[in-house]
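One structure below.
The values are calculated or read from the model by the stated rules, or taken from the named source; none is laboratory data. Because the structure is predicted, anything quoted here is derived from the model rather than measured. Cβ placement follows ideal geometry from the backbone for every residue including glycine, while neighbour counts extend to all protein chains displayed.
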Amino acid sequence: MQVVQVHEGDGPVILAFPHVGTEVPSEVWARLNDEGRVLRDTDWHIHELYAGLIPGLTTVTATQSRYVIDLNRDPSGVSLYPGQTTTGLIPETTFDNVPIWSQPPGAADVAHWLEAVHRPYHAALAAEVARVRARHGVAVLYDCHSIRSEIPWLFPGTLPELNIGTNNGTTCAPALEQAVTQIAATSGHSWVLNGRFKGGWTTRHYGRPETGVHAIQMELSQISHLGAEEPPFALDPARATHLRKTLTEILATLADLAPRLAHS
(Lines give C-alpha, C1' and ligand atoms only; values in the text may rest on other atoms or scores of the structure.)
Protein backbone atom coordinates (compact mmCIF):
# COMPACT_ATOMS: atom_id res chain seq x y z
CA MET A 1 0.00 0.00 0.00
CA GLN A 2 1.49 3.33 -1.07
CA VAL A 3 0.67 5.87 1.62
CA VAL A 4 2.60 8.90 0.36
CA GLN A 5 3.62 10.39 -2.97
CA VAL A 6 6.68 12.63 -3.15
CA HIS A 7 7.72 15.01 -5.91
CA GLU A 8 11.19 16.46 -5.37
CA GLY A 9 11.59 20.06 -6.46
CA ASP A 10 14.77 22.13 -6.50
CA GLY A 11 13.39 25.14 -4.62
CA PRO A 12 13.26 25.93 -0.88
CA VAL A 13 9.48 25.49 -0.42
CA ILE A 14 7.82 22.19 0.49
CA LEU A 15 4.05 21.72 0.22
CA ALA A 16 2.53 19.10 2.51
CA PHE A 17 -0.91 17.63 1.79
CA PRO A 18 -1.87 15.38 4.71
CA HIS A 19 -5.65 15.40 4.21
CA VAL A 20 -6.28 15.14 0.45
CA GLY A 21 -6.24 11.33 0.42
CA THR A 22 -9.43 9.43 -0.38
CA GLU A 23 -8.10 5.88 -0.35
CA VAL A 24 -9.47 3.65 2.41
CA PRO A 25 -8.20 0.10 3.06
CA SER A 26 -10.95 -2.50 2.67
CA GLU A 27 -10.81 -3.49 6.33
CA VAL A 28 -11.47 0.13 7.33
CA TRP A 29 -14.13 0.70 4.67
CA ALA A 30 -16.09 -2.29 5.97
CA ARG A 31 -16.34 -0.65 9.39
CA LEU A 32 -17.36 2.85 8.28
CA ASN A 33 -21.06 3.71 8.25
CA ASP A 34 -22.83 5.50 5.38
CA GLU A 35 -21.81 8.92 6.70
CA GLY A 36 -18.20 7.82 7.11
CA ARG A 37 -18.05 6.63 3.52
CA VAL A 38 -18.84 10.16 2.30
CA LEU A 39 -15.34 11.15 3.54
CA ARG A 40 -16.86 14.55 4.23
CA ASP A 41 -13.85 16.04 6.00
CA THR A 42 -11.39 15.49 3.17
CA ASP A 43 -9.41 18.54 1.99
CA TRP A 44 -11.12 18.40 -1.38
CA HIS A 45 -9.08 19.48 -4.43
CA ILE A 46 -6.36 21.21 -2.39
CA HIS A 47 -3.51 19.49 -4.25
CA GLU A 48 -5.10 20.57 -7.54
CA LEU A 49 -5.49 24.13 -6.28
CA TYR A 50 -1.75 24.42 -5.59
CA ALA A 51 -0.56 22.49 -8.64
CA GLY A 52 2.06 24.32 -10.73
CA LEU A 53 1.77 27.66 -8.97
CA ILE A 54 5.53 28.32 -8.94
CA PRO A 55 8.50 26.30 -10.21
CA GLY A 56 10.67 24.22 -7.90
CA LEU A 57 8.07 23.13 -5.37
CA THR A 58 8.53 19.88 -3.48
CA THR A 59 5.24 18.14 -2.66
CA VAL A 60 4.49 15.42 -0.11
CA THR A 61 0.98 14.08 -0.62
CA ALA A 62 -0.93 11.55 1.47
CA THR A 63 -3.03 8.93 -0.31
CA GLN A 64 -5.08 7.63 2.63
CA SER A 65 -8.18 9.30 4.05
CA ARG A 66 -7.87 11.09 7.37
CA TYR A 67 -10.51 8.64 8.61
CA VAL A 68 -7.84 5.91 8.44
CA ILE A 69 -5.57 8.02 10.65
CA ASP A 70 -5.08 11.77 10.90
CA LEU A 71 -1.58 12.73 9.80
CA ASN A 72 -1.83 16.18 11.36
CA ARG A 73 -2.33 14.90 14.91
CA ASP A 74 0.33 14.26 17.54
CA PRO A 75 1.15 10.53 17.39
CA SER A 76 1.05 10.46 21.20
CA GLY A 77 -2.62 11.41 21.09
CA VAL A 78 -2.14 14.68 22.98
CA SER A 79 -4.72 17.30 21.94
CA LEU A 80 -3.48 20.22 19.87
CA TYR A 81 -6.20 22.45 21.33
CA PRO A 82 -6.70 21.53 25.00
CA GLY A 83 -10.16 22.46 26.21
CA GLN A 84 -11.52 22.93 22.68
CA THR A 85 -13.57 20.56 20.56
CA THR A 86 -11.47 18.62 18.07
CA THR A 87 -11.01 15.15 16.59
CA GLY A 88 -8.32 12.63 17.44
CA LEU A 89 -5.82 10.41 15.67
CA ILE A 90 -8.64 8.27 14.29
CA PRO A 91 -11.74 10.46 14.22
CA GLU A 92 -14.85 8.98 15.79
CA THR A 93 -17.13 11.58 14.19
CA THR A 94 -17.26 14.14 11.43
CA PHE A 95 -16.51 17.77 12.22
CA ASP A 96 -20.27 18.07 12.81
CA ASN A 97 -20.05 15.46 15.61
CA VAL A 98 -21.87 12.86 13.50
CA PRO A 99 -20.62 9.28 14.07
CA ILE A 100 -18.74 7.75 11.11
CA TRP A 101 -18.30 4.15 12.30
CA SER A 102 -20.55 1.11 12.45
CA GLN A 103 -17.71 -0.64 14.31
CA PRO A 104 -15.55 2.00 16.02
CA PRO A 105 -11.76 1.61 16.07
CA GLY A 106 -9.85 0.83 19.22
CA ALA A 107 -6.33 1.19 20.59
CA ALA A 108 -5.04 -1.66 18.43
CA ASP A 109 -6.30 0.11 15.30
CA VAL A 110 -4.57 3.33 16.30
CA ALA A 111 -1.30 1.46 16.88
CA HIS A 112 -1.56 -0.34 13.54
CA TRP A 113 -2.31 2.71 11.41
CA LEU A 114 0.30 4.80 13.19
CA GLU A 115 2.87 2.26 12.03
CA ALA A 116 1.39 1.65 8.57
CA VAL A 117 0.45 5.20 7.52
CA HIS A 118 1.33 7.99 9.98
CA ARG A 119 5.00 7.12 10.47
CA PRO A 120 5.80 6.46 6.77
CA TYR A 121 4.19 9.76 5.75
CA HIS A 122 6.19 11.73 8.28
CA ALA A 123 9.37 9.83 7.49
CA ALA A 124 8.96 10.95 3.87
CA LEU A 125 8.18 14.52 4.90
CA ALA A 126 11.14 14.67 7.30
CA ALA A 127 13.43 13.36 4.57
CA GLU A 128 12.33 16.11 2.20
CA VAL A 129 12.77 18.77 4.87
CA ALA A 130 16.32 17.51 5.46
CA ARG A 131 17.08 17.35 1.72
CA VAL A 132 15.80 20.86 1.02
CA ARG A 133 17.58 22.34 4.02
CA ALA A 134 20.84 20.68 2.99
CA ARG A 135 20.50 22.17 -0.49
CA HIS A 136 19.44 25.70 0.47
CA GLY A 137 20.50 26.11 4.08
CA VAL A 138 16.82 26.63 4.87
CA ALA A 139 13.50 24.89 4.26
CA VAL A 140 10.03 26.43 4.25
CA LEU A 141 7.31 23.88 5.00
CA TYR A 142 3.89 25.12 3.94
CA ASP A 143 1.17 22.80 5.25
CA CYS A 144 -1.88 22.86 2.99
CA HIS A 145 -5.38 22.38 4.40
CA SER A 146 -9.02 23.24 3.89
CA ILE A 147 -12.20 23.02 5.93
CA ARG A 148 -15.87 23.87 5.56
CA SER A 149 -16.64 27.49 6.36
CA GLU A 150 -19.36 26.83 8.93
CA ILE A 151 -18.95 24.05 11.50
CA PRO A 152 -20.68 25.05 14.77
CA TRP A 153 -19.26 22.05 16.65
CA LEU A 154 -15.72 23.36 16.06
CA PHE A 155 -16.09 27.14 15.93
CA PRO A 156 -18.78 29.84 15.99
CA GLY A 157 -19.83 31.84 12.95
CA THR A 158 -18.17 31.73 9.54
CA LEU A 159 -14.48 30.98 9.14
CA PRO A 160 -12.30 33.49 7.23
CA GLU A 161 -11.15 32.33 3.80
CA LEU A 162 -7.43 32.36 4.70
CA ASN A 163 -6.49 30.99 8.12
CA ILE A 164 -2.76 31.38 8.67
CA GLY A 165 -1.17 29.38 11.48
CA THR A 166 2.29 29.83 12.98
CA ASN A 167 1.49 28.69 16.53
CA ASN A 168 1.57 32.30 17.69
CA GLY A 169 4.72 33.15 15.78
CA THR A 170 6.89 30.29 17.01
CA THR A 171 7.15 28.10 13.89
CA CYS A 172 8.66 30.52 11.37
CA ALA A 173 10.71 33.68 11.12
CA PRO A 174 8.76 36.92 11.69
CA ALA A 175 9.59 38.02 8.14
CA LEU A 176 7.73 35.05 6.68
CA GLU A 177 4.68 35.53 8.88
CA GLN A 178 4.59 39.23 8.06
CA ALA A 179 4.93 38.63 4.32
CA VAL A 180 2.05 36.14 4.23
CA THR A 181 -0.24 38.37 6.28
CA GLN A 182 0.54 41.40 4.12
CA ILE A 183 -0.45 39.48 1.00
CA ALA A 184 -3.60 38.20 2.69
CA ALA A 185 -4.54 41.72 3.76
CA THR A 186 -4.54 43.00 0.17
CA SER A 187 -5.91 39.86 -1.49
CA GLY A 188 -9.62 40.61 -1.26
CA HIS A 189 -10.06 37.45 0.85
CA SER A 190 -11.04 37.49 4.49
CA TRP A 191 -8.18 36.26 6.67
CA VAL A 192 -6.89 35.73 10.18
CA LEU A 193 -3.54 34.97 11.78
CA ASN A 194 -3.48 32.34 14.54
CA GLY A 195 -7.23 32.32 14.95
CA ARG A 196 -9.12 29.07 15.54
CA PHE A 197 -6.41 27.22 13.62
CA LYS A 198 -2.90 28.03 14.82
CA GLY A 199 -1.18 25.15 13.02
CA GLY A 200 -1.51 21.44 13.61
CA TRP A 201 1.07 18.87 14.64
CA THR A 202 2.98 19.13 11.35
CA THR A 203 3.54 22.87 11.69
CA ARG A 204 4.41 22.65 15.38
CA HIS A 205 6.63 19.59 15.04
CA TYR A 206 8.76 20.71 12.09
CA GLY A 207 8.74 24.48 12.57
CA ARG A 208 12.07 25.24 14.23
CA PRO A 209 13.28 28.56 12.83
CA GLU A 210 16.50 28.39 14.85
CA THR A 211 17.47 25.27 12.86
CA GLY A 212 16.58 26.75 9.49
CA VAL A 213 13.20 25.00 9.19
CA HIS A 214 10.24 27.36 8.97
CA ALA A 215 6.65 26.08 8.95
CA ILE A 216 3.33 27.76 8.17
CA GLN A 217 -0.12 26.21 7.99
CA MET A 218 -2.72 27.57 5.59
CA GLU A 219 -6.26 26.45 6.34
CA LEU A 220 -8.49 27.55 3.47
CA SER A 221 -12.20 27.92 3.99
CA GLN A 222 -13.74 25.72 1.32
CA ILE A 223 -16.17 28.43 0.26
CA SER A 224 -13.13 30.15 -1.28
CA HIS A 225 -12.74 27.47 -3.97
CA LEU A 226 -15.64 24.97 -3.98
CA GLY A 227 -18.98 25.40 -5.67
CA ALA A 228 -20.66 23.98 -2.56
CA GLU A 229 -19.43 22.48 0.67
CA GLU A 230 -21.57 19.39 0.21
CA PRO A 231 -21.22 16.33 -2.06
CA PRO A 232 -19.90 16.14 -4.70
CA PHE A 233 -17.60 18.91 -3.38
CA ALA A 234 -16.88 20.19 -6.88
CA LEU A 235 -14.18 22.78 -7.51
CA ASP A 236 -15.54 26.15 -8.67
CA PRO A 237 -13.29 27.27 -11.57
CA ALA A 238 -13.82 31.01 -11.09
CA ARG A 239 -13.25 30.93 -7.35
CA ALA A 240 -10.25 28.66 -7.76
CA THR A 241 -8.67 30.94 -10.35
CA HIS A 242 -9.05 33.97 -8.08
CA LEU A 243 -7.63 32.10 -5.09
CA ARG A 244 -4.71 30.66 -7.07
CA LYS A 245 -3.48 34.20 -7.78
CA THR A 246 -3.20 34.87 -4.05
CA LEU A 247 -1.59 31.51 -3.35
CA THR A 248 0.91 32.06 -6.15
CA GLU A 249 1.94 35.39 -4.65
CA ILE A 250 2.33 33.80 -1.21
CA LEU A 251 4.48 30.91 -2.42
CA ALA A 252 6.61 33.07 -4.70
CA THR A 253 7.27 35.46 -1.81
CA LEU A 254 8.22 32.63 0.54
CA ALA A 255 10.59 31.21 -2.07
CA ASP A 256 12.14 34.63 -2.58
CA LEU A 257 12.62 35.29 1.14
CA ALA A 258 14.03 31.86 2.00
CA PRO A 259 17.64 32.44 0.77
CA ARG A 260 17.83 35.64 2.83
CA LEU A 261 16.91 33.67 5.95
CA ALA A 262 19.62 31.15 5.22
CA HIS A 263 22.26 33.90 5.21
CA SER A 264 20.90 36.09 7.99
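Restricting to the range 19-78, what's the tally of residues that are assigned to a loop (DSSP other than H, G, I, E, B) and either within 18 Å of PHE95 (Cα to Cα) or of a type outside the set (S, T, N, Q) (or both)? Break it down stepwise before answering.
Of the range 19-78, the ones assigned to a loop (DSSP other than H, G, I, E, B) are 19-22, 24-25, 30-31, 33-35, 39-45, 51-57, 63, 65-78.
Narrowing further to those that are either within 18 Å of PHE95 (Cα to Cα) or of a type outside the set (S, T, N, Q) (or both): 19-22, 24-25, 30-31, 33-35, 39-45, 51-57, 65-75, 77-78.
Of the residues in the range 19-78, 38 are assigned to a loop (DSSP other than H, G, I, E, B) and either within 18 Å of PHE95 (Cα to Cα) or of a type outside the set (S, T, N, Q) (or both).
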Quiz item: Pairs, please: C-beta under 6 Å, at least 6 apart or cross-chain, first residue farther than 13 Å from ASP43 by Cα and in the range 220-242, second among the charged types (D, E, K, R) and assigned to a loop (DSSP other than H, G, I, E, B)?
Solution: GLY227/ASP236
Practice problem: Pull up the range 81-115, narrow it to residues that are in a loop (DSSP other than H, G, I, E, B) and of a type in the set (A, V, I, L, M, F, W, C), then point me to the one that is surrounded by the fewest Cβ atoms within 10 Å (Cβ to Cβ). | Solution: VAL98
Quiz item: Hey, any hits in the range 187-202 for a residue that's exposed (fewer than 15 other Cβ atoms within 10 Å of the Cβ), among the β-branched types (Val, Ile, Thr) and out of contact with any helix residue (DSSP H, G or I) (no Cβ under 6 Å at 6 or more places or on another chain)?
Solution: no
Practice problem: Select, from ILE164, ILE151, the only residue that is under 30 Å from GLU230 (Cβ atoms), surrounded by fewer than 21 Cβ atoms within 10 Å (Cβ to Cβ) and of a type in the set (A, V, I, L, M). | Solution: ILE151
Quiz item: What residue, among those in the range 189-216 that are among the small types (Gly, Ala, Ser) and free of Cβ contacts under 8 Å to residues at least 40 places away in the same chain, is farthest from HIS122 (Cα to Cα)?
Solution: SER190
Quiz item: Among the residues of the range 37-69 satisfying the criterion of being under 30 Å from VAL138 (Cβ atoms) and without any contact (Cβ under 8 Å) to a residue 24 or more places away in the chain, which is surrounded by the fewest Cβ atoms within 10 Å (Cβ to Cβ)?
Solution: GLY52
Quiz item: Restricted to the range 231-264, and to residues that are at pLDDT 95 or above and among the hydroxyl-bearing types (Ser, Thr, Tyr), which residue is surrounded by the most Cβ atoms within 10 Å (Cβ to Cβ)?
Solution: THR246
Exercise. Can you give me the ranges of the strands (runs of 3 or more DSSP E) entirely in the range 134-223 with at least 1 residues that are under 14 Å from the mean Cα position of the chain (by Cα)?
Key: 139-147, 162-165, 213-221
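Condition check: under 24 Å from ARG133 (Cα atoms) and either not in a strand (DSSP E or B) or not hydrophobic (A, V, I, L, M, F, W, C) (or both). Does LEU251 satisfy that?
Values: under 24 Å from ARG133 (Cα atoms): yes; either not in a strand (DSSP E or B) or not hydrophobic (A, V, I, L, M, F, W, C) (or both): yes.
Yes; evaluated as a whole, the condition is true for this residue.
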Quiz item: Based on what the data block shows, is ALA126 outside any loop (DSSP other than H, G, I, E, B), within 21 Å of THR63 (Cβ to Cβ) and hydrophobic (A, V, I, L, M, F, W, C)?
Solution: yes
Quiz item: Do you know which of the residues in the range 36-62 that are out of contact with any Phe, Trp or Tyr (no Cβ under 9 Å at 6 or more places or on another chain) and not aliphatic (A, V, I, L, M) is farthest from ARG135 (Cα to Cα)?
Solution: GLU48
